[in-house]
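Here the structure is laid out as structure tokens; the discussion comes afterwards.
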Amino acid sequence: MARLNVTPTRMVLTKLKGQLKIAVKGHKLMKDKRDELMKRFLELAREVKALREEVDPALMEVYSSFSVARAVMAPAAMEEALMYPKQSVSLVAKEINVMSVNVPDFDFTRQSEDSSDVYPYGFATTSGELDKSIEKLSELFPKLLQLAAMEKQAMLIADEIERTRRRVNALEYVKIPDYQDTIRYITMKLSEDERGNQTRLMKVKDMMVQEELEKERQRDREILESYKAE
């Protein structure tokens, strides 16, 4: 906590009080934002965890089927079967604003309306395990896309939580105490100056009263001397 290097005047005091009021209000808003972001992050983390627990076993099944297909098929036949994809996808990346954080949201459209039309080869020379892995991967694609978007959202929200936390701490432990300490200092300084001015005014008043009394005594002496002269 450090006092700001300012001139202790009433104008500066009024300005600092306004800045302190804004800082306190901003601190409250930042805390509310941090708490809401944290709530949203925890909800998103639970959703990501549930979706990943659903996706991971399915992916393991895809990898297992693909490994079996590679084992039973010749490398040249495997490469030829997967050389030209049958289905294409148009991906659209959008942004959603979550508490002033722009997070991604993915959407896609398939070239063919038939979601099962994904095999780029004939079934005569390929393994059934390869068919199974491609079919399962096609079914998993929307969930994988959703998982990628949600994990990126969680990452961006976590970064924003950290930035907001630093701002809250800066206001709470640095800016607001500095304003308060400076306002106390200026208030005390102005009070001391005011007391000093009052003391000086009282001394000037005493001097003026003393001067008037001296003038009165002088006039009295002059009148007394004039009577004696007569």
task = State whether the residues of segment 177-184 include one that is closer than 30 Å to residue 9 by Cβ, at pLDDT 90 or above and hydroxyl-bearing (Ser, Thr, Tyr).
result = yes
query = Given the residues 82, 37, which is the only one that is more than 45 Å from the chain's Cα centre (by Cα) and in contact (Cβ under 8 Å) with a residue 12 or more places away in the chain?
reply = 82
note = Going through segment 1-34 in order, the residues found to be open to solvent by less than 80 Å² (accessible area, probe 1.4 Å) and either free of Cβ contacts under 8 Å to residues at least 40 places away in the same chain or within 13 Å of the chain's Cα centre (by Cα) (or both) are 18, 26, 27, 30, 31, 32, 33, 34
request  = Just give me the residues in segment 167-223 being within 17 Å of residue 21 (Cβ to Cβ) and in contact with a Pro (Cβ under 7 Å, 6 or more places away or on another chain), in sequence order.
outcome  = 186
Residue check for residue 188: over 30 Å from residue 2 (Cα atoms) and modelled with pLDDT of 75 or more = no
ask   = Say we look at segment 153-199 and pick out the residues that are within 22 Å of residue 32 (Cα to Cα) and small (Gly, Ala, Ser); which of these is surrounded by the most Cβ atoms within 10 Å (Cβ to Cβ)?
value = 154
ask   = Does residue 157 fit the bill of being within 30 Å of residue 49 (Cα to Cα) and without any contact (Cβ under 8 Å) to a residue 24 or more places away in the chain?
value = no
Pairs, first at negative phi and assigned to a loop (DSSP other than H, G, I, E, B) in segment 85-96, second at pLDDT 70 or above and open to solvent by less than 80 Å² (accessible area, probe 1.4 Å), C-beta under 8 Å, six or more apart = 87/110; 87/138; 88/110
ask   = If residue 55 satisfies every condition in (1) open to solvent by less than 60 Å² (accessible area, probe 1.4 Å); (2) at pLDDT below 75; (3) assigned to a helix (DSSP H, G or I) but one, which is the exception?
value = (2)
remark   = Reported set for segment 67-108 where residues are closer than 18 Å to residue 152 by Cβ and among the β-branched types (Val, Ile, Thr) is 92, 96, 98, 101, 103
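The values are calculated or read from the model by the stated rules, or taken from the named source; none is laboratory data. What you see is a predicted model; the values in this text were computed from it and never measured. We place every Cβ from the backbone using ideal geometry, glycine too, and count neighbours over all the protein chains shown. Just the protein is used for accessible areas: all its heavy atoms, side chains included, with ligands, DNA and RNA removed. Shrake-Rupley method; radii C 1.70, N 1.55, O 1.52, S 1.80 Å.
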